[in-house]
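Structure first, commentary second.
Bear in mind that the values in this text are calculations on the coordinates, not laboratory data. This is a predicted model, so every value here is computed, not measured. Neighbour counts are summed over all protein chains in view; Cβ atoms, including those assigned to glycine, are modelled from backbone coordinates with ideal geometry.
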Amino acid sequence: MLRWLFLRPGSRRAIPDALWEETLSISPSFDHLDREARARLKTLSEAFLREKRFYGAHGLELTDAMVVRIAALAALLILELGLVAYRGWVGIVLYPEAFMIPRREMDAAGAVHEYAEIASGEAWEDGPVLLSWPDVEAACAGYSVVLHEFAHKLDLLNGAADGMPRLHSGISAAKWLRALEEAYADFCGRVAAMETSTTCVVLPLDDYAAEDYSEFFAVASETFFTDPRALESAYPDFYRLLAQYYRQDPLGCAAGAPPVSR
């Protein structure tokens, strides 16, 4: 594939139609979008690419297909929220494989422990998004590291990563918190039951969602777009709130439709 101007700072070139159609065909996350919504997504993806900067780590050579794929998924989350939802940072770093992140924690006794954790993605507050390219390619039903990490960016826009993004008009913070707490508690119970069960237990979300509220929101968001039926079946109240927040309903109306209400 020929390199084009999106890999150059300040480029205003449009995404070629053939590459755009190929990008949309890779993931079913775009299937709920009608023609008008897909056109708006393309325009938003181009704006995203003009504003953000991509970097290849450890010698990874970037291609147009790689950056457009990530831009389209990142833009999907904010299709009805606007690029302003990603303000305050510019970098996306792609790694050729899972990478190590240094961690530093203090235990209850006050001792500091330092270690390295392997990761497929990481979203830094006021900093870049880090992604493992093999994990980007490994997206499937219930899993998308791109959607996951960019959902964290939306969560961080409201301050601490706590599972409550900056809610727009019409969404009650109390209702959101109640639905989040109830769904999270139920899911943690399911994970605990799975760990002690002698039979096969199928979880509606990746078990990483049990880490904390922030991870539950991020995992629920990626599942919302990649396997919406599983999320809606398990946690219909939280699904409806996500549909209101993202102003999209993968199981029903196309983007731009009125928020779902009970």
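Numbers below:
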| quantity | calculated |
| --- | --- |
| Spatially proximal lysines relative to Lys42 (Cα-Cα < 22 Å; intrachain offsets below 8 disregarded) | Lys52, Lys153 |
| Neighbour-count order for Glu21, Glu232, Glu80, fewest beta carbons within 10 angstrom listed first | Glu21, Glu80, Glu232 |
| Percent RCO, i.e. relative contact order, over the chain, from Cα pairs under 8 Å lying at least 6 residues apart | 18 percent |
| Highest-first arrangement of 194-207, 212-225, where packing means the average Cβ count within 10 Å | 212-225, 194-207 |
| Of the DSSP H helices in the chain, those whose Cα atoms cover at least 18 Å axially and whose Kyte score averages -1.0 or more | 35-51, 64-77, 173-196, 213-226 |
| Pairwise label distance in nanometres, Glu117 with Ile101, each label 7 Å out on the Cα-Cβ vector | 0.6 nm |
| Efficiency of FRET between Ser197 and Glu22 - r from beta-carbon atoms, R0 45 angstrom, step 0.05 | 0.60 |
| Extension gain (nm, one decimal) between Arg166 and Arg50, 0.36 nm per residue minus Cα-Cα | 39.3 nm |
| Computed [θ] at 222 nm, deg cm²/dmol, the chain (DSSP H ≥ 4; -39,500 (n - 2.57); rounded to nearest 500) | -13500 deg cm²/dmol |
| Gained length - Asp126 relative to Leu60, 0.36 nm times residue gap less alpha-carbon distance | 21.4 nm |
| Residues His58, His148, His168, His32 arranged by fewest to most Cβ contacts within 10 Å | His58, His168, His32, His148 |
| Percent RCO, i.e. relative contact order, over the range 36-80, from Cα pairs under 8 Å lying at least 6 residues apart | 57 percent |
| R0 of 35 Å, Cβ-Cβ distance Ala108-Asn158: FRET efficiency to nearest 0.05 | 0.75 |
| Residue-count net charge about Ala123 - beta-carbon cut-off 9 Å; Lys, Arg +1, Asp, Glu -1 | -3 |
| The range 176-222 and the range 29-45: distance between their alpha carbon centers, rounded to Å | 30 Å |
